[in-house]
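The values are calculated or read from the model by the stated rules, or taken from the named source; none is laboratory data. Fair warning: this is a prediction, and the values are worked out from it, not measured in the lab. Every residue, glycine among them, receives a Cβ derived from its backbone with ideal geometry; neighbour counts consider all protein chains shown.
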């Protein structure tokens, strides 16, 4: 018996007929997903403020190594099952239960492998203290495929609100339990109690809320096509993993675990929030990319606007964060985290770019165009490797971050060119959008940087707040006066995301 998705989120169709309900369902899906992520982010700041005072940079270095190593094993174990479900045209219980069997097998193999190879990974990173945390994360590797499958099914069924409620409850409960564990033990392994507890909750709730579609096991041949897709996705994800972790590995081996701990803390207030926003947007839209697999016409009219909206959310925000966070991090984390404060600016820029890059990546992924993805990732690996070698040669971090930015831009450029050549993107429209986004980011970043500098100089120059407030007020009043001409407003009204 086939179970069809009750949620119809069609971003592009509104371009032709102004379907108010479908575009608002898309907005609602993204809002619920992001709302859950936002609550988690705010709680994460408080959790980070507590744990950063109980565990030192060396401990967070071991913790960071454990997370990075486990991410590779869980990536291999996960197999892209959530994405495989998201792109299904029809949901069949037989296929889904075959994927449950596949998820269990992947989880068992991944968990055992991570546990047994923990000393080897710790030695490879040059951080022996990471052995125990890596072993603890074998529990996460065991659960990761089932969690991806359950979450992907709930999104495919359109149950974004229910998934958001489960996610928030799991994350808040996990942080509460994790805080007690860190206070009691104060070890790198105690930092893992929070994510493991959250993961267990999501898996159990996801299977309960699956309408029985995931309750059962059957032969793998019932999901042969989906398993083939997930295998190709795993290769692409591995390339992404290696390109994304060349920098952290270089820091750990060339500069020490304490410096990696500084990176980890900076990522909490930069990379992690932007990844949460990225996840909310991609998860809301991903199931609808399946409509573009057979015909690029719909994508050509909608994808430039979709990427523009993502860019208007992520790029100006990253510019503002890069200006403000270097002054906020020392206050949030306390003494001893000066390097993390310095790293927060480039990591914020990288986080904003990555959200935009991953939206187009996800669209290409849903199309099954893996050669396009591999081409972009090869470019990223080459750039990241060269920048890491240069960092080691001059004993300076700067080339790593420059390489990460160049690599993201190169990957995005490759995907834009390939999509444009195949008729999925109007490159001219997209570049016009990007030019406007860059101008907006410069203005917003400049305003944020000026305010941060005035706050840093106060109270000796407190009078500067007066002209600053006047200038900001003028900018905001002009933006409100001519709001109908602002590019993001035009796009949102075109898709009836709010009324004129």
Take the residues in the stretch 206-219 that are surrounded by fewer than 20 Cβ atoms within 10 Å (Cβ to Cβ) and within 25 Å of the chain's Cα centre (by Cα); name whichever of them is nearest to residue 163 (Cα to Cα). 209
List the number of the failed condition for residue 363; all other conditions in (1) at pLDDT below 90; (2) within 21 Å of residue 274 (Cβ to Cβ); (3) surrounded by fewer than 21 Cβ atoms within 10 Å (Cβ to Cβ) hold. (3)
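Consider the stretch 355-372. How many of its residues are under 11 Å from the mean Cα position of the chain (by Cα) and within 22 Å of residue 81 (Cβ to Cβ)?
Here is the first cut: in the stretch 355-372, the residues under 11 Å from the mean Cα position of the chain (by Cα) are 355-359.
Going one step further and asking which of them are within 22 Å of residue 81 (Cβ to Cβ), we end up with 358-359.
Looking only at that region, the number is 2.
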Take the residues in the stretch 79-103 that are surrounded by 24 or more Cβ atoms within 10 Å (Cβ to Cβ) and touching a strand residue (DSSP E or B) at 6+ places or on another chain (Cβ under 9 Å); name whichever of them is nearest to residue 290 (Cα to Cα). 85
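If the requirement is being in a helix (DSSP H, G or I) and surrounded by fewer than 19 Cβ atoms within 10 Å (Cβ to Cβ), which of these qualifies: 331, 315?
None of the other options fit; the residue is 331.
Among the helices (runs of 4 or more DSSP H) confined wholly to the stretch 100-176, which include 3 or more residues that are more than 25 Å from residue 251 (Cα to Cα)? Write out each step before concluding.
Details: elements: 118-125, 131-136, 138-156.
The helices (runs of 4 or more DSSP H) meeting that bar are 138-156.
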Residues in the stretch 472-484: is at least one within 28 Å of residue 341 (Cα to Cα) and in a helix (DSSP H, G or I)? yes
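Is it true that residue 443 is touching a helix residue (DSSP H, G or I) at 6+ places or on another chain (Cβ under 9 Å) and free of Cβ contacts under 8 Å to residues at least 24 places away in the same chain?
Here the answer is no, as residue 443 does not meet what is asked.
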Given the criteria touching a residue at least 60 places away in the same chain (Cβ under 8 Å) and within 16 Å of residue 246 (Cβ to Cβ), does residue 400 qualify? yes
Can you give me the number of residues within the stretch 389-403 that are part of a helix (DSSP H, G or I), at pLDDT below 90 and crowded, with 20+ Cβ neighbours inside 10 Å? 0
Given the residues 300, 295, which is the only one that is surrounded by fewer than 22 Cβ atoms within 10 Å (Cβ to Cβ) and not in a helix (DSSP H, G or I)? 295
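Residues that are farther than 20 Å from residue 107 by Cα and either crowded, with 23+ Cβ neighbours inside 10 Å or modelled with pLDDT under 90 (or both): does the stretch 140-152 have at least one?
Narrowing the stretch 140-152 to residues farther than 20 Å from residue 107 by Cα: none.
Scanning the stretch 140-152 turns up no residue that is farther than 20 Å from residue 107 by Cα and either crowded, with 23+ Cβ neighbours inside 10 Å or modelled with pLDDT under 90 (or both).
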Residues in the stretch 264-274: is at least one modelled with pLDDT under 80 and not in a helix (DSSP H, G or I)? no
Test residue 352 against the stated conditions and say whether it is at pLDDT 90 or above, within 17 Å of the chain's Cα centre (by Cα) and either in a helix (DSSP H, G or I) or under 24 Å from residue 56 (Cβ atoms) (or both). yes
